Structure formats: C-alpha cells, structure tokens
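Each reported figure results from applying straightforward, stated rules to the coordinates on display, with no laboratory input. What you are looking at is a predicted structure, and each value in this text was computed from that prediction instead of being measured. Here the Cβ positions follow ideal geometry from the backbone for every residue, glycine too, while neighbour counts run over all protein chains shown.
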C-alpha cells in the first residue's frame with residue numbers, strides 16, 4: 001500500500017457521500033468531548049505547576065525567569081479556563097444536523113492553543129529553558145483528537161516549522177549545538193509520531209463508522225425485506241381470501257346451476273307429462289267423442305229416412321239421448337278438470353248436514369244399481385253429521401265415487417256407504433265388492449286420463465277423469481281422500497271432511 005492510498009483509505013473519502021454529514025457530526029461531537037476532558041486535565045495540571053514551580057519553587061529558578069514563566073502559565077490558564085467555560089456552556093446534541101457553535105469553537109481553540117504554546121516556547125527559550133517538553137504537550141493534544149490525516153500533517157509541519165524557527169533564533173546555553181540538534185530532532189520525531197498516531201486513529205474511526213453503517217444498512221435491508229415479506233404475506237392472505245370468496249361464489253353458482261338443472265329436469269318431466277296428457281286428450285276426443293258423434297249422425301240419418309215405425313223411432317230417440325248424455329258428461333268432466341287446474345272454480349264453505357245429502361245421492365243411483373242387481377247399503381250411527389264445506393263439491397265427489405263403485409262392481413254384489421266421525425273430521429267410506437285395485441294401479445289411481453286394469457262390469461264407459469276430479473276437489477275444500485284395497489277383496493274409497 002502506497003502512502004497516498006494509505007492517506008486516501010484513512011480519509012473521509014472512503015465513506016459514501018450521503019454519510020459525510022453524519023460522520024463529521026459524530027467526529028465533531030467526539031472531539032468536543034475529548035477537548036472537554038483535556039481542558040479539565042490542563043486546568044488541573046497548570047494549577048499544580050503554578051503551585052510547585054512558583055509557590056514551592058522546587059526548581060530554584062531566578063526571579064526574572066520565574067516571573068516570565070509565571071506570566072505565560074497564567075496566560076495559558078486564563079485561555080484554557082475561558083475555553084473550558086465556552087465548551088461547557090452548551091450541552092452536546094448528538095441529533096443536531098449541524099452544530100455550528102462547537103465547530104467554530106474547536107477551530108478557534110486549536111489556533112489559540114497553538115499560538116499560545118508557541119509563545120510559551122518563546123518564553124522558555126528566553127529564560128534558557130528546554131522547549132521540547134512543552135512542544136510535546138501541543139503535539140500530544142493534537143494527536144488525541146480525531147482530525148484528518150492531511151490536517152494532521154499540515155498541523156505537524158506548522159508546529160515543527162515554527163518550533164524550529166524559534167529555536168534557531170536563540171543562542172543555545174554554553175554555545176552548545178547539541179541543544180539545538182536535540183530540540184529539532186526530538187520535535188521532528190514527536191511530530192512524525194503524532195501525525196502517524198492521529199492518522200491511524202482517524203483511519204480506525206472511519207473504518208469503525210463504515211462498518212457500523214454497513215451493519216445498519218444490512219439491518220435496514222433486512223428490516224425492509226421483512227417488511228416486504230410481511231406485505232407479501234398480507235397480500236397473499238388477501239389473495240387467499242379473495243380466492244376463497246371466489247371459490248364460495250363458484251360453489252354457490254354451481255349449486256344454483258344444479259338447482260336450475262333440477263328445476264329444468266322437473267319442468268321437462270312436467271312437459272313430458274303434459275304432452276302425454278295432450279296425447280291422451282286427443283285420443284279421448286278422437287275415440288270417446290268421434291264414435292258417439294258418428295253414432296248420433298247415423299241414428300239421425302235413420303230417422304230422416306222415414307222408414308221406421310213409431311216404436312223404432314222411440315228406441316232410436318232414446319239411443320240418441322243416451323249418446324248425447326255420454327258426450328255431455330265427457331265435456332263436463334273436461335271443463336271441470338280444467339277449471340280445477342286453473343283455480344278458476346270458487347268454493348264456498350257452509351255448514352252442511354252430510355246425512356241427508358248422502359241419502360239423496362244414493363237414491364239417485366238406486367235405479368242404476370237395480371239394473372245390475374246391486375244393493376246400495378247406507379250405514380250411519382247418528383241421524384246428523386255436520387261439516388263445513390262446499391255443497392256442490394261434496395255432491396260431485398260422492399256422485400263420482402258412487403258411480404265408480406256401481407260401475408266396477410259385479411252383478412249381484414253390495415255397495416256399502418258409511419258415514420262416521422273420526423277425531424275432528426267426518427269420514428265417508430264407499431266400499432264395493434269388485435276385483436280390487438293392484439299396487440301398480442294405486443300409484444296412478446288419481447291421475448288424469450288414467451286407464452286401470454279393472455274394467456266396468458256392465459259395459460259402461462269411463463273417461464279416466466272422475467277420480468282426478470275427486471282428488472282435486474277434496475284437496476280444494478281442505479279434505480283428504482285415499483283408497484284401501486286388496487286384490488279380490490274389493491276397494492274402499494275414504495273421504496275425510498272437516499267437522500263443524
């Protein structure tokens with residue numbers, strides 16, 4: 001390493017520029033603290049010298065020499081005490097960006113001390129004293145402070161030059177040239193050592209500052225990385241929450257889609273059922289209406305031919321009336337089922353005695369039952385049972401059920417009608433002695449246009465709408481209807497109506 005590189009590495013130029021102000025602030029604070037300590041030591045030391053040199057006169061100096069030294073010591077004591085007061089007058093503020101007061105005071109103190117010590121050296125020479133010891137004081141002081149290498153060299157040359165100049169101007173005691181050589185050589189050696197020590201001290205300060213700042217930068221970098229990591233973790237957590245929310249939204253949408261698909265599937269099934277009903281309806285219209293209409297037309301043409309006798313005319317007329325009633329019943333059932341499905345039929349609840357109403361309907365079907373040799377048996381425990389319901393609906397319900405019972409009962413059997421209370425309802429049971437209803441037929445018993453395996457026993461016609469109308473009407477008046485049956489043991493249709 002060259003001397004120039006040594007000076008460069010020992011100077012503040014090796015510190016990054018953005019840290020220069022902070023380094024000089026710390027340097028100034030360190031020097032101020034050292035100057036304070038040196039001032040206290042100097043005041044105490046000068047007071048001690050004043051005592052032993054002038055009060056005790058341990059060196060046995062003559063009066064003129066002792067007076068000159070006393071004068072200079074008092075002057076130096078005053079100067080040092082003044083600067084001590086100035087340095088201790090203000091507290092040190094490490095956080096201040098630029099402490100101008102201590103900066104100017106330090107420079108002024110350095111100049112004053114150097115000049116004062118040079119004057120002290122001059123006084124010592126005038127009194128034939130050896131100045132090297134006092135030169136050591138100022139050099140040691142400068143070496144103890146944190147000053148740049150260039151400043152230390154400049155200060156050393158100034159001190160050494162002035163010291164050599166002052167020494168050469170005086171004649172050494174007893175014409176002794178050794179006196180001069182010792183002074184110059186000693187002062188040169190002391191100057192070199194002080195400059196070297198000051199340079200090393202400053203270089204160590206710079207190195208220590210750089211290392212400390214490097215550690216601080218590393219810590220700050222680690223703190224920044226931790227902060228970035230924390231921010232990244234927070235961002236990741238937010239993203240996770242957002243993803244979770246989106247996942248929940250997707251799951252909800254999937255559930256909604258599944259529900260919609262289910263609804264679509266159900267609606268498709270309903271559409272299939274409606275399509276089947278439409279086809280069934282068209283079949284009924286084409287079969288159950290086309291054939292009777294054709295028959296009526298043929299009978300009408302037969303009457304129009306005028307080839308029939310009065311007895312035959314009466315028979316044909318009766319056939320036309322029966323066929324017309326059959327078509328009218330079909331149309332009436334179609335209109336009823338349509339009104340019930342659209343909710344267009346109004347039901348009016350009234351207090352109604354079910355016994356006379358059931359007796360009246362049974363009487364209306366007595367003739368039809370007699371034709372098939374079927375006995376209609378009405379069984380009731382009391383003469384009156386009151387229900388709150390719609391009278392026309394009950395008439396139509398009992399009419400359909402009793403008509404079916406007679407239609408599907410074999411010849412010579414019984415049809416039992418029973419009315420009895422059950423909890424808060426009134427039960428109407430219509431029981432036939434037919435072949436019964438299978439489990440497969442029970443599942444579609446109350447459907448529209450249903451064709452069951454059982455067939456009417458007297459060649460009667462069935463539209464497949466009667467039981468569907470019964471089901472919808474019973475539910476509309478807040479009742480309940482079902483069928484109990486076993487194969488070979490007949491069938492019992494039970495209707496429950498709310499009792500008054």
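Put in order of Cβ neighbour count within 10 Å, fewest first, the listed residues 324, 305 become 305, 324. With neighbours defined as other Cβ atoms within 10 Å of a residue's Cβ, the residues 489, 17 order from fewest to most as 17, 489.
Estimate the FRET efficiency between residue 425 and residue 247 by the formula 1/(1 + (r/R0)^6), using the beta-carbon distance for r and 41 Å for R0, to the nearest 0.05. Provide the component values of the computation, followed by the final result.
Numbers: r = 53 Å, r/R0 = 1.28.
Efficiency, from the Cβ-Cβ distance: 0.20.
Fewest-first ordering of 346, 379, 478 by other beta carbons within 10 Å of each residue's beta carbon gives 346, 379, 478.
Per residue, the average separation of C-alpha pairs within less than 8 Å and at least 6 apart gives region 348-498 a relative contact order of 25 percent. Ordering of 28-39, 251-262 by packing is 28-39, 251-262, highest average first (other Cβ atoms within 10 Å, averaged per residue). Per-residue extension of 0.36 nm, minus the Cα-Cα distance of residue 48 and residue 66, leaves a gain of 5.0 nm for this segment. Ellipsoid semi-axes for region 352-451, based on the Cα gyration tensor and the rule √(5λ), read 23, 18, 13 Å when sorted largest first.
Here the gap between residue 368 and residue 90, fully extended at 0.36 nm per residue and compared with their Cα-Cα distance, gives a gain of 86.8 nm. Restricting attention to region 348-498, close to 80% of DSSP beta bridges with both partner residues there are antiparallel.
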